[in-house]
Amino acid sequence: MSEKIDSLLQEDRRFPPSADFTANSIASPDLYERAAEDRLAFWADQARELLHWHTPFTQTLDWNNPPFARWFADGTLNVAYNCLDRHVIAGNGDRVAIHWEGEPGDTRTITYAQLTEEVKKAANALEALGIRHGDRVAIYLPMIPEAAVAMLACARIGAVHSVVFGGFSAESLRSRIEDAQAKLVITADGGWRKGKVFPLKDAVDAAVANDASHPATTVEHVLVVKRGDNDVEWVDGRDLWWHDVVAGASENHEAKPFEAENPLYILYTSGTTGKPKGILHTSGGYLTQCAFTHKYVFDLHPETDVFWCTADVGWVTGHSYVVYGPLANGATQLMYEGTPDTPHPGRWWELIEKYGVTILYTAPTAIRAFMKTGREYPQKFDLSSLRVLGSVGEPINPEAWIWYRDIIGGGKTPVVDTWWQTETGAIMVSALPGITSTKPGSTQVPIPGISVDVLDETGKRVGNGNGGLLVSTAPWPSMLRGIWGDPERFIETYWEKFDFEGSPNRRMYLAGDGARLDADGELWVLGRVDDVMNVSGHRLSTMEIESALVSHPIVAEAAVVGATDDTTGQAVVAFVILRAKQAEAQTAEEAEAILKVHVAEQIGAIARPKKIYIVTELPKTRSGKIMRRLLRDVAEGREVGDTTTLADTQVMQVITDKLK
Ligand code: WTA
């Protein structure tokens, strides 16, 4: 890996912005100067310029009790009002907020006035169901406009949403509902994916069912959007159709102000243990940084641009760059329900041509998949409307970066590689188009007002040309405010490693990523340094998949690694020891098939291992820790590395012999 990185860092291609682009760009270099001069004043200006405050704040940052930050704490605002009403009041009610396209080709065009009305009705409907300020609402929906409406309706009444990606299983949904003690679940009777309707309501039914080990669900109602026309089971009194409850609700709803630190949402993400963490975001600071980054990183001209972020609302990218950033900025965007290759491999490019998309924000996995299917598909369509391309979620290799710029961007669009996390809430490191000379493969520089660094194990800055651990060195507006219900884990996971000279006010945020600074001092993010995998830009925990595997009666022990994969970045590979009796009852192929299905049922299809090796031993150190590095060697087809710290140095030989 490090050799590969050294040669990557030799990258000397630079793409300065064209004079034309710079002349019309929103950002100017003085953004960096203003932020460097007075970081807090800079963010206070952004918060005032970009948002509407019911009560203006007087205090920018309260960092007296680190790592619990409070931004703009004495100000009040309503997040939904900022995303909706104020645009209508400003005379932009007729502007399209969402061009929506379903996978089968059905469409909806929703203006800001219509979206505002829908959210007001939904807010009234939620209140009628007894949802109050601070209550948690789980949202388990396909990519349909109701997903945004449901999130904004929660925000409008001060309830906290917890969106669960529709690809997660009933088990995953249940654990998230239980952890947050949600009172309401909003779901659909199905959604379209790969030409078929996938069920969602079934999973909700299973997730909220009471049984011996789950005696009392907190869920009082299940609100169901009609989308898939699937037959669904119905529990009278508990289950309600969205179209009955929302359509009949009043369209008058006043957006009441809430404190800037009012919780906005919980979003679960994988950590290094078996249990996902409920990352908590609040209102004023979060919305400020979403709006700021969406405007400047994508050079947004809201009157003319058509923005398209391809992420699902189930991930943080969908929260910040499908819902909150674009709508706070009054942008017009495209939302697409389905997969990129249905019904044909050129579907995305067809949509870009059809809607005149100007800004595209997607993940390297998608770009690499398109490279494989070939340039002839994008080349069938007119992509000349595109003027900015963004990448997020995993490192983008320079080859994919160049392909993206040349084939999708016609060799002229700036490509911005944006680094951030569920925890950071919004983009932290990225080029600004119109200002930065872009560099393939590098995420480049912190955005104005953000400070990051790369430190060695002892907390020293590594300096240019070296690698280490990526940290954020100062609190930022959209930072996570905690892990739901677990302040200890919040501190341990992110804030304990670098506590400078015992001074808690200088605590730094540990991102969990390895990174290098190149000779220009620009950042290259290399990937996770903990037991978190990144598969197709989705975070998965090795421990979570191991727990799923050992929960099956045929499994005695399991170890999971993320193996490098050409398309998906990493792929899930598992090594499993079967229980002695069962090992005789089925072949390795049978066991592999059973366990793949089991993992998909326990967590979701995204976690399904690409390969499961049935083995008789696992490599462990004398203290019993599994040496995943050695298993990764096997999974990636390499010669096995240094085995001298193994308790039994023969183990790897046994494993590799068996797999031959
Ligand atoms: C990785 C997604 C390299 C990283 C927004 C991080 C990246 C994790 C990049 C967060 C990038 C995200 N280059 N790696 N531009 N962006 N990552 O929470 O490992 O789903 O820690 O947030 O994705 O994933 P998450």
Pairwise FRET efficiency - Thr564 versus Thr339, Cβ, R0 = 22 Å, nearest 0.05 = 0.40
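Over the range 536-659, what is the relative contact order in percent, taking alpha-carbon pairs closer than 8 angstrom and at least six residues apart? Intermediate results must be reported in sequence, preceding the final value.
Values: 186 pairs, mean separation 27.9, N = 124.
Relative contact order comes out at 23 percent.
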request  = Whenever you get a sec, compute what percent of the accessible area on the chain sits on carbon and sulfur atoms (1.4 Å probe).
outcome  = 49
request  = Would you list, by chain and number, the lysines whose Cα falls below 27 Å from the Cα of Lys412, excluding same-chain residues fewer than 8 positions away?
outcome  = Lys295, Lys354, Lys372, Lys380, Lys439
task = Just subtract the alpha-carbon distance of Ala647 and Glu601 from 0.36 nm times their residue separation and send over the number in nm, one decimal.
result = 13.1 nm
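Return one whole number: the accessible area per residue of the range 53-161 in Å², for a 1.4 Å probe. It would help to have the intermediate numbers written out before the result.
Values: 3430 Å² over 109 residues.
I get 31 Å² per residue for the range 53-161.
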query = Label points 7 Å out from Cα along the Cβ direction at Ala212 and Asn252: separation in nm?
reply = 5.5
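Which percentage, to the nearest 5, of the DSSP beta bridges contained in the range 155-233 is antiparallel? Display every interim value, and only then the final one.
On the way: 4 of 9 bridges.
Given both bridge residues lie in the range 155-233, the antiparallel proportion sits at roughly 45 percent.
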remark   = Inter-part gap, Cα centre of the range 180-201 to Cα centre of the range 67-136, in whole angstrom, is 21
ask   = Near Lys625, which lysines are there with a Cα under 30 Å away, not counting those fewer than 8 places off in the same chain?
value = Lys4, Lys275, Lys277, Lys460, Lys497, Lys581, Lys596, Lys610, Lys611, Lys658, Lys660
ask   = How big is the gap, in Å, between the Cα center of the range 143-166 and the Cα center of the range 22-40?
value = 33
query = What stretch of the chain, leaving out the sites themselves, is the longest with no GluC sites (Glu not before Pro) in a DSSP loop having at most 12 other Cβ atoms within 10 Å?
reply = 1-232
ask   = Using a simple spin-label model with points 7 Å from Cα along the Cα→Cβ vector, what separation in nm is obtained for Asp30 and Asn65?
value = 3.9
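Between Glu584 and Ser384, what length in nm is gained on full extension when 0.36 nm per residue of separation is reduced by their alpha carbon distance?
Details: separation 200, 0.36 × 200 = 72.00 nm, distance 6.06 nm.
Length gained, Glu584 through Ser384: 65.9 nm.
Relative contact order (percent) for the chain, with alpha-carbon contacts under 8 angstrom and 6 or more residues of separation? Working shown, then result.
Working: 1455 pairs, mean separation 86.3, N = 660.
Relative contact order comes out at 13 percent.
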request  = Leaving ligands, DNA and RNA out of it, rank Met371, Met335, Met627 by accessible area with a 1.4 Å probe, largest first.
outcome  = Met371, Met627, Met335
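Where a ≥ b ≥ c are the square roots of the eigenvalues of the C-alpha gyration tensor, would you call the range 281-436 rounded, which needs a/c under 1.5, or, failing that, prolate if a/b is larger than b/c, or oblate?
On the way: a/c = 1.57, a/b = 1.51, b/c = 1.04.
Prolate, because a/c is 1.5 or more and a/b exceeds b/c.
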Per-pair calculated FRET efficiency, R0 = 51 Å: Asp456 and Ala90 via Cβ, rounded to 0.05 = 0.55
remark   = If unit charges are put on Cβ atoms (+1 for Lys and Arg, -1 for Asp and Glu) and the dipole of the chain is taken about its Cα centre, the option from Ala125, Val560, Val388 lying farthest towards the positive end turns out to be Val560
request  = Decide, for the range 464-544, between rounded, prolate and oblate: order the square roots of the alpha carbon gyration tensor eigenvalues as a ≥ b ≥ c, take rounded if a/c falls under 1.5, and otherwise choose prolate if a/b is larger than b/c, else oblate.
outcome  = oblate
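Determine the gain in length on full extension of the stretch Arg108-Lys194; use 0.36 nm per residue of separation and subtract their C-alpha separation, reporting nm with one decimal. Numbers along the way, then the final one.
Working: separation 86, 0.36 × 86 = 30.96 nm, distance 1.99 nm.
Extra length from Arg108 to Lys194 when fully extended: 29.0 nm.
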message = Treating only the Cβ of Lys, Arg, Asp and Glu as charged (+1, +1, -1, -1), what charge dipole size does the chain show about its Cα centre? Round to the nearest 20 debye.
response = 400
Förster radius 45 Å - calculated FRET efficiency between Asp20 and Asp530, Cβ distance, rounded to 0.05 = 0.55
task = Return the distance in nm (one decimal) between the two label points of a simple spin-label model at Asn464 and Ala556, each offset 7 Å from Cα along Cα→Cβ.
result = 5.6
remark   = Cα-based Rg/(2.2 N^0.38 Å) for the chain, rounded to two decimals, is 0.94
note = Counting only protein heavy atoms and leaving out ligands, DNA and RNA, the solvent-accessible surface of Phe57 at a 1.4 Å probe, in Å² to the nearest 10, equals 10
request  = Give, as ranges by residue number, the residues of the range 352-370 whose backbone N falls under 17 Å from the point 7 Å along Cα→Cβ of Glu399.
outcome  = 364-370
key: Sequence-separation-based contact order of the range 452-526, relative, with Cα cut under 8 Å and 6+ spacing, percent   = 36
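Magnitude of the Cβ-charge dipole of the range 238-321, K/R +1 and D/E -1, about the Cα centre, nearest 20 debye?
Numbers: 5 positive and 10 negative charges, 97 e Å.
Roughly 460 debye, rounded to the nearest 20.
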ask   = Rounded if a/c is under 1.5, else prolate if a/b beats b/c, else oblate: with a ≥ b ≥ c from the C-alpha gyration tensor eigenvalues square-rooted, which is the range 536-659?
value = oblate
note = Any lysines whose Cα falls less than 21 Å from that of Lys201, other than same-chain ones fewer than 8 residues away, would be Lys183, Lys226
inquiry  = Suppose we keep just the DSSP beta bridges with both residues in the chain; what percent of those would be antiparallel, to 5?
reply    = 60
query = Just for the range 38-339, what percent of DSSP beta bridges are antiparallel, to the closest 5?
reply = 45
note = Taking placed amide H atoms and a strict 5 Å upper bound, the residues 5 or more places from Ile98 or on another chain that come that close are Ile110, Gln333
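The values are calculated or read from the model by the stated rules, or taken from the named source; none is laboratory data. Computed from a predicted model, the values in this text were never measured in an experiment. For neighbour counting, all protein chains shown are included, and Cβ atoms are generated from backbone atoms with ideal geometry for every residue, glycine included. Accessible surface is based on the protein model in full, side chains and every heavy atom, while ligands, DNA and RNA are left aside. Shrake-Rupley method; radii C 1.70, N 1.55, O 1.52, S 1.80 Å.
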